[in-house]
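Trainee: Can you keep this structure in mind? I'll have questions shortly.
The values are calculated or read from the model by the stated rules, or taken from the named source; none is laboratory data. Keep in mind the model is a prediction, meaning the values are calculated, not measured. Note that we place each Cβ from the backbone using ideal geometry, even for glycine, and neighbour counts take in every protein chain shown.
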Amino acid sequence: MLLSVEDQPELASGLEFDQLVSTLRAVAEPTRLRLVALLAQEELTVTEISRVIGQSQPRTSRHLRLLVDAGILERAPEGAYVYYRLAEDSAEAEVAQAIATLAPPTDATIAGDLDALARVRQARTQAASALRSAHTEELEALRGLYAGEEAVEAALVEMLASTGPIGRLLDIGTGSGRILELLAPHTNQSVGLDSDHDMLALARATLSQAQLSGATVRHGDLHRPPFEPASFDVAVMHHVLHALDAPGSALADAARLLRPGGRLLVADFDAHDLEELRSLHGHRRLGISTAELSGWATDAGLMLETERALPPGGDGECLTVNLWLLRAQEAPGR
């Protein structure tokens with residue numbers, strides 16, 4: 001059935017005629033169309049892609065290179081691996097993805113790829129479970145000291161999502177990817193940043209299990225993030241500042257990534273005197289006071305908009321978790 005002009009999907013503007021022809025040529029090949037459909041689901045390594053489509057790595061790499069050259073895919077080196085995904089802010093990628101979605105999921109080839117992708121996801125989950133088990137006892141001991149992550153997460157969602165769709169979100173120090181999983185349904189696009197490869201493996205497994213194609217993770221230093229300034233609507237720093245030597249500097253680095261009027265939500269422990277958290281859990285600071293946070297925010301050009309405290313309540317709980325919602329200055333003339 002042909003679509004009427006009114007029914008056709010609205011694609012990104014700015015694609016010249018020659019670029020459109022080049023994009024159509026790039027995906028007008030069975031394997032490359034399969035790759036676009038596959039990577040619209042989530043980012044994958046060459047090894048994982050080869051396993052899904054049943055082709056050799058050299059042959060897979062050749063197709064991937066052609067799609068990268070066409071501006072449809074992008075490479076993301078990470079340690080010993082290179083991940084491939086649909087290119088961000090790319091009209092070519094948007095057109096290619098729209099074409100790939102025309103292939104019905106009941107098609108034998110597409111269905112086979114999706115089944116194989118499920119097996120790749122399962123392998124990621126099994127590997128991530130081993131990593132989680134190594135940290136479970138440590139994390140449970142820490143979580144027993146405060147109101148608990150369920151209360152923190154509920155407050156975090158309420159503070160961020162109550163005003164409507166978030167837009168583009170960055171989770172700084174994403175760890176296991178739980179905050180991405182929690183907030184991705186409220187965003188147009190979510191990105192997690194972490195410098196720890198094991199944590200990124202956990203985050204990818206989390207996103208795979210939840211099948212959140214609009215959420216990705218990146219390897220990088222929060223002080224030198226691999227993003228353009230003013231490129232996010234919302235950023236989150238969940239239990240990050242207490243682990244840093246220079247939290248004020250990290251707050252300023254995060255502020256530079258916010259668009260005018262963008263928001264930064266910080267969740268962390270209030271100031272406390274549990275010195276053992278330094279040796280047992282690697283905390284660099286014994287919590288963050290509101291006075292300290294406010295001073296750093298002012299230096300970073302951020303305004304403290306909302307504050308919420310979750311005091312200890314149950315047996316053994318002795319730490320208060322604070323949530324601070326900060327806002328970047330609006331653009332002049334607004």
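Trainee: If I filter region 220-246 down to residues being more than 14 Å from the chain's Cα centre (by Cα) and of a type in the set (D, E, K, R), which single residue comes out as nearest to Arg168 (Cα to Cα)? So that I can check it myself, show each step before the final result.
Mentor: The first filter runs over region 220-246 and keeps only residues more than 14 Å from the chain's Cα centre (by Cα), leaving 221, 223-224, 228-230, 239-246.
In the following step, the residues that additionally are of a type in the set (D, E, K, R) were identified as 221, 224, 228, 245.
On the way: Asp221: 19, Arg224: 19, Glu228: 13, Asp245: 28 Å.
Selected residue: Glu228.
Trainee: Does region 23-41 contain at least one residue that is under 20 Å from the mean Cα position of the chain (by Cα), closer than 30 Å to Pro226 by Cα, outside any helix (DSSP H, G or I) and not assigned by TED's automatic domain parsing to the domain that holds Leu202?
Mentor: Yes, because at least one residue in region 23-41 is under 20 Å from the mean Cα position of the chain (by Cα), closer than 30 Å to Pro226 by Cα, outside any helix (DSSP H, G or I) and not assigned by TED's automatic domain parsing to the domain that holds Leu202.
Trainee: Still on this structure, please answer the following. Taking the conditions exactly as written (in contact with a helix residue (DSSP H, G or I) (Cβ under 8 Å, 6 or more places away or on another chain) and among the hydroxyl-bearing types (Ser, Thr, Tyr)), does Thr290 satisfy them or not? Steps first, answer last, please.
Mentor: Details: in contact with a helix residue (DSSP H, G or I) (Cβ under 8 Å, 6 or more places away or on another chain): no; among the hydroxyl-bearing types (Ser, Thr, Tyr): yes.
So Thr290 does not fit the description; no.
Trainee: Here's something else I'd like to know. Among the residues of region 204-231, which ones are touching an Asp or Glu at 6+ places or on another chain (Cβ under 7 Å) and part of a helix (DSSP H, G or I)?
Mentor: Correct list: Thr206, Leu207, Ser208, Ala210.
Trainee: Does at least one position in region 156-171 carry a residue that is among the small types (Gly, Ala, Ser) and either not in a loop (DSSP other than H, G, I, E, B) or not assigned by TED's automatic domain parsing to the domain that holds Phe269 (or both)? Step through it out loud before you land on a result.
Mentor: Within region 156-171, the first condition is being among the small types (Gly, Ala, Ser), and the residues that meet it are 161-162, 164, 167.
Going one step further and asking which of them are either not in a loop (DSSP other than H, G, I, E, B) or not assigned by TED's automatic domain parsing to the domain that holds Phe269 (or both), we end up with 161.
The answer is yes, given that some residue of region 156-171 is among the small types (Gly, Ala, Ser) and either not in a loop (DSSP other than H, G, I, E, B) or not assigned by TED's automatic domain parsing to the domain that holds Phe269 (or both).
Trainee: Given Arg65, Arg75, Arg51, Arg85, which one is out of contact with any helix residue (DSSP H, G or I) (no Cβ under 7 Å at 6 or more places or on another chain) and outside any loop (DSSP other than H, G, I, E, B)? Can you show your working first?
Mentor: Values: Arg75 fails: out of contact with any helix residue (DSSP H, G or I) (no Cβ under 7 Å at 6 or more places or on another chain); Arg51 fails: out of contact with any helix residue (DSSP H, G or I) (no Cβ under 7 Å at 6 or more places or on another chain); Arg85 fails: out of contact with any helix residue (DSSP H, G or I) (no Cβ under 7 Å at 6 or more places or on another chain).
Going through Arg65, Arg75, Arg51, Arg85 in turn, the sole match is Arg65.
Trainee: Considering only residues that are outside any loop (DSSP other than H, G, I, E, B) and without any contact (Cβ under 8 Å) to a residue 24 or more places away in the chain, which ones fall in region 246-276? Steps first, please.
Mentor: Taking region 246-276 first, the residues outside any loop (DSSP other than H, G, I, E, B) are 247-256, 258-269, 276.
Across region 246-276, the qualifying residue is only Glu276.
Trainee: Here's a follow-up. When you scan region 275-282, do you find a residue that is in contact with a Cys (Cβ under 8 Å, 6 or more places away or on another chain), farther than 23 Å from Ala184 by Cβ and in the same structural domain as Gly148 (by TED's automatic domain parsing), even just one?
Mentor: No, region 275-282 contains no residue that is in contact with a Cys (Cβ under 8 Å, 6 or more places away or on another chain), farther than 23 Å from Ala184 by Cβ and in the same structural domain as Gly148 (by TED's automatic domain parsing).
Trainee: What's the number of the condition Arg284 fails, among (1) closer than 27 Å to Arg168 by Cα; (2) in a loop (DSSP other than H, G, I, E, B); (3) basic (Lys, Arg)?
Mentor: Unmet for Arg284, out of (1) closer than 27 Å to Arg168 by Cα; (2) in a loop (DSSP other than H, G, I, E, B); (3) basic (Lys, Arg): (1).
Trainee: Which ones in region 48-103 are among the small types (Gly, Ala, Ser) and over 20 Å from the mean Cα position of the chain (by Cα)? Before you say what the answer is, go through the steps one by one.
Mentor: At the first step, the residues of region 48-103 found to be among the small types (Gly, Ala, Ser) are 50, 54, 56, 61, 70-71, 76, 79-80, 87, 90-91, 93, 96, 98, 100, 103.
Those that are among the small types (Gly, Ala, Ser) and over 20 Å from the mean Cα position of the chain (by Cα): Ser50, Gly54, Ser56, Ser61, Ala70, Gly71, Ala80, Ala91, Ala96, Ala98, Ala100, Ala103.
Trainee: Only one of Leu323, Leu293 is touching a Phe, Trp or Tyr at 6+ places or on another chain (Cβ under 6 Å) and either surrounded by 20 or more Cβ atoms within 10 Å (Cβ to Cβ) or free of Cβ contacts under 8 Å to residues at least 24 places away in the same chain (or both). Can you tell me which?
Mentor: Numbers: Leu323 fails: touching a Phe, Trp or Tyr at 6+ places or on another chain (Cβ under 6 Å).
Answer to the check: Leu293.
Trainee: Just one of (1) at pLDDT below 90; (2) aliphatic (A, V, I, L, M); (3) more than 24 Å from the chain's Cα centre (by Cα) trips up Ala111, so point out which.
Mentor: (1)
Trainee: Applying the selection to region 73-119, what residues are surrounded by 19 or more Cβ atoms within 10 Å (Cβ to Cβ) and touching a Phe, Trp or Tyr at 6+ places or on another chain (Cβ under 9 Å)?
Mentor: Correct list: Leu73 only.
Trainee: Tell me which residues, restricted to region 146-195, are surrounded by fewer than 21 Cβ atoms within 10 Å (Cβ to Cβ), within 12 Å of the chain's Cα centre (by Cα) and closer than 17 Å to Leu325 by Cα.
Mentor: Within region 146-195, Arg168 is the sole residue that qualifies.
Trainee: Of the conditions (1) closer than 21 Å to His283 by Cα; (2) surrounded by fewer than 17 Cβ atoms within 10 Å (Cβ to Cβ); (3) modelled with pLDDT under 90; (4) out of contact with any Asp or Glu (no Cβ under 9 Å at 6 or more places or on another chain), Ser249 fails just one. Which one is it?
Mentor: Failed condition: (3).
Trainee: Any residue at all in region 202-210 that is under 17 Å from Glu43 (Cα atoms), within 10 Å of the chain's Cα centre (by Cα) and not charged (D, E, K, R)? Walk me through how you get there before you give the answer.
Mentor: So in region 202-210, the residues under 17 Å from Glu43 (Cα atoms) come out as 202-210.
Filter once more, so that each one left must be within 10 Å of the chain's Cα centre (by Cα): 203-204, 207.
Going one step further and asking which of them are not charged (D, E, K, R), we end up with 203, 207.
Yes: one or more hits.
Trainee: Given the criteria touching a helix residue (DSSP H, G or I) at 6+ places or on another chain (Cβ under 7 Å), within 29 Å of Pro260 (Cα to Cα) and assigned by TED's automatic domain parsing to the domain that holds Leu244, does Leu180 qualify?
Mentor: Details: touching a helix residue (DSSP H, G or I) at 6+ places or on another chain (Cβ under 7 Å): yes; within 29 Å of Pro260 (Cα to Cα): yes; assigned by TED's automatic domain parsing to the domain that holds Leu244: yes.
In short, yes.
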